[in-house]
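Enquirer: Below you'll find the structure I mean.
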Number of protein chains: 2
Amino acid sequence: MALGGVEPGHTRPGGRTARVRDAVLRAAGDALAEHGMDALDLGDVARRAQVGKTTVYRRWGTVPILVADLLRDMADQSLPRTETGSLLGDLTANARLVQETLADARQGALFKAVIAAATCDAATARALHAFYATRVGEWAPCVEQAVDRGELPPGTDPHEVVRAVSAPLYYSLLCTGGALDAAAADRAAAAAAAAARAGLHVRSGD
Amino acid sequence: MALGGVEPGHTRPGGRTARVRDAVLRAAGDALAEHGMDALDLGDVARRAQVGKTTVYRRWGTVPILVADLLRDMADQSLPRTETGSLLGDLTANARLVQETLADARQGALFKAVIAAATCDAATARALHAFYATRVGEWAPCVEQAVDRGELPPGTDPHEVVRAVSAPLYYSLLCTGGALDAAAADRAAAAAAAAARAGLHVRSGD
């Protein structure tokens, strides 16, 4: 479930400060997944993380700041892109990662909570946009390589293609309630590849 | 802004009961667009609609029931599909309608509020899924006609194609903060058409 969140048993280098951040962000993610943004409370997060309340208030101060830091961490911790040697292979790997993340109970709930919060808080919206910019940027080289290999027309916008892979999966999660299974992921990847091959993601002006 | 909501000056047939519903749903939509779901209160809606509080409580009872009725009304009131004679023309008309709705200040805020509420309320989620099922069903015949004209392979899933048009626009609205302009709408339509032509939305088993 590598697109976001910190997995149980996951360890990271760093001293006490890094361990505190790790514990607090994990607790914040758990609380968000369980009860959503409305119930998120720094005191409760401190209790869950077994960290002093003062530390949490001094370091993060407000819920939107804590959530922005969680999103930054989710972007940093997410798996690097897969390289399969073909556009369709790479986009399918990306689609499966997104689909598995959104279909996972904890991660799906966490994404829903943060996306819902972003609809009514500008700071959270900015943090969310930055999260997707990082994630999309991570996978953009698979499109650039496909252009270099001659699989896609020159001037294809790599970010546009990567976003096209995720869009139908998020639309199912948030709007239509459509299936979030491997078949949906594979279809999303194949559709994005077909549109890109047809030249529909070539930047205007190129 | 025909995808949802009731426009100012809009009149519908019906007696007092229909007029009360009209006023209450318009007030509920206004309140949602202005303050989101958390602040939605039946008493406030009654005041805004200049309708007795008892009437609102007796008829709708709870916020999720009121929101479900609003979504039903938005689906009923939305414009019928456009027929341009070509798949790309029809899908572009649909994409422009979705894009204009989501880019509109009131309507965009209303959709965000309802989608956010659906992330943490099962009844609202069911009402939202039903709304999209109706909307998608309204536009599905343009895909069926494209199959009949030989523009698309037999067995193409019309709902899948129509959903593919909306997905990138909602993904921009809710997740990435990407542009919601006419160019984005046209790209969404063209990408969905290209993927459909490539046979990627053919139902498995067909």
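The values are calculated or read from the model by the stated rules, or taken from the named source; none is laboratory data. In this text, all values refer to a predicted model and were calculated from it rather than measured experimentally. Here the Cβ positions follow ideal geometry from the backbone for every residue, glycine too, while neighbour counts run over all protein chains shown.
Enquirer: Please work out which residue is farthest from A:Ala190 (Cα to Cα), limiting yourself to the range B:174-192 and to residues that are in contact (Cβ under 8 Å) with a residue 24 or more places away in the chain and at the interface with another protein chain (Cβ under 9 Å from one of its Cβ atoms). Explain how you work it out, then say what you get.
Expert: Step one: filter the range B:174-192 for residues in contact (Cβ under 8 Å) with a residue 24 or more places away in the chain, giving B:174, B:180-182, B:184-186, B:188-192.
Still in the list and also at the interface with another protein chain (Cβ under 9 Å from one of its Cβ atoms): B:174, B:188, B:190-192.
Details: B:Leu174: 23, B:Ala188: 15, B:Ala190: 15, B:Ala191: 11, B:Ala192: 11 Å.
Filtering the range B:174-192 for residues that are in contact (Cβ under 8 Å) with a residue 24 or more places away in the chain and at the interface with another protein chain (Cβ under 9 Å from one of its Cβ atoms), the one farthest from A:Ala190 (Cα to Cα) comes out as B:Leu174.
Enquirer: Right, next: Going by what's in this entry, would B:Ala109 be described as buried (at least 23 other Cβ atoms within 10 Å of the Cβ), under 20 Å from the mean Cα position of the chain (by Cα) and more than 8 Å from every other protein chain (Cβ to nearest Cβ)? Walk me through how you get there before you give the answer.
Expert: Details: buried (at least 23 other Cβ atoms within 10 Å of the Cβ): no; under 20 Å from the mean Cα position of the chain (by Cα): yes; more than 8 Å from every other protein chain (Cβ to nearest Cβ): yes.
Judged against the criteria, B:Ala109 is not a match.
Enquirer: To continue, here is another question. What are the residues in the range A:157-171 that are surrounded by fewer than 22 Cβ atoms within 10 Å (Cβ to Cβ) and either facing chain B (nearest Cβ under 8 Å) or not in a loop (DSSP other than H, G, I, E, B) (or both), if any? Step through it out loud before you land on a result.
Expert: Restricting attention to the range A:157-171, the residues satisfying the condition of being surrounded by fewer than 22 Cβ atoms within 10 Å (Cβ to Cβ) are A:157, A:159.
Answer for the range A:157-171, where residues must be surrounded by fewer than 22 Cβ atoms within 10 Å (Cβ to Cβ) and either facing chain B (nearest Cβ under 8 Å) or not in a loop (DSSP other than H, G, I, E, B) (or both): just A:His159.
Enquirer: So which residues in the range A:172-206 are closer than 20 Å to B:Ala133 by Cβ and in a loop (DSSP other than H, G, I, E, B)? First the steps, then the outcome.
Expert: As a first pass, look at the range A:172-206 and keep what is closer than 20 Å to B:Ala133 by Cβ: A:172-181, A:183-184, A:187-188.
Within the range A:172-206, A:Gly177, A:Gly178, A:Ala179, A:Leu180, A:Asp181 meet the criteria.
Enquirer: Quick check: is even one residue across the range A:112-130 more than 11 Å from chain B (Cβ to nearest Cβ), more than 15 Å from B:Ala116 (Cβ to Cβ) and among the polar types (S, T, N, Q)?
Expert: no
Enquirer: Quick one: count up the residues across the range B:81-116 that are touching a Ser or Thr at 6+ places or on another chain (Cβ under 6 Å) and closer than 27 Å to B:Thr156 by Cβ.
Expert: We begin by selecting, within the range B:81-116, every residue touching a Ser or Thr at 6+ places or on another chain (Cβ under 6 Å); these are B:90, B:93, B:98, B:107, B:112, B:116.
The next check asks that each one be closer than 27 Å to B:Thr156 by Cβ; those that pass are B:90, B:93, B:98.
Final tally of qualifying residues: 3.
Enquirer: Do any residues in the range A:129-155 that are in the same structural domain as A:Asp90 (by TED's automatic domain parsing) and surrounded by fewer than 17 Cβ atoms within 10 Å (Cβ to Cβ) have Cβ atoms under 9 Å from those of residues that are modelled with pLDDT of 95 or more and of a type in the set (Lys, Arg), where the two are at least six apart or on different chains, and which pairs are they?
Expert: Filtered contacts from the range A:129-155: A:Glu151/A:Arg197; A:Pro153/A:Arg197.
Enquirer: Tell me, which helices (runs of 4 or more DSSP H) lie completely within the range B:55-152 with 3 or more residues that are among the aromatic types (Phe, Trp, Tyr), within 19 Å of B:Asp30 (Cβ to Cβ) and out of contact with any Asp or Glu (no Cβ under 6 Å at 6 or more places or on another chain)?
Expert: none
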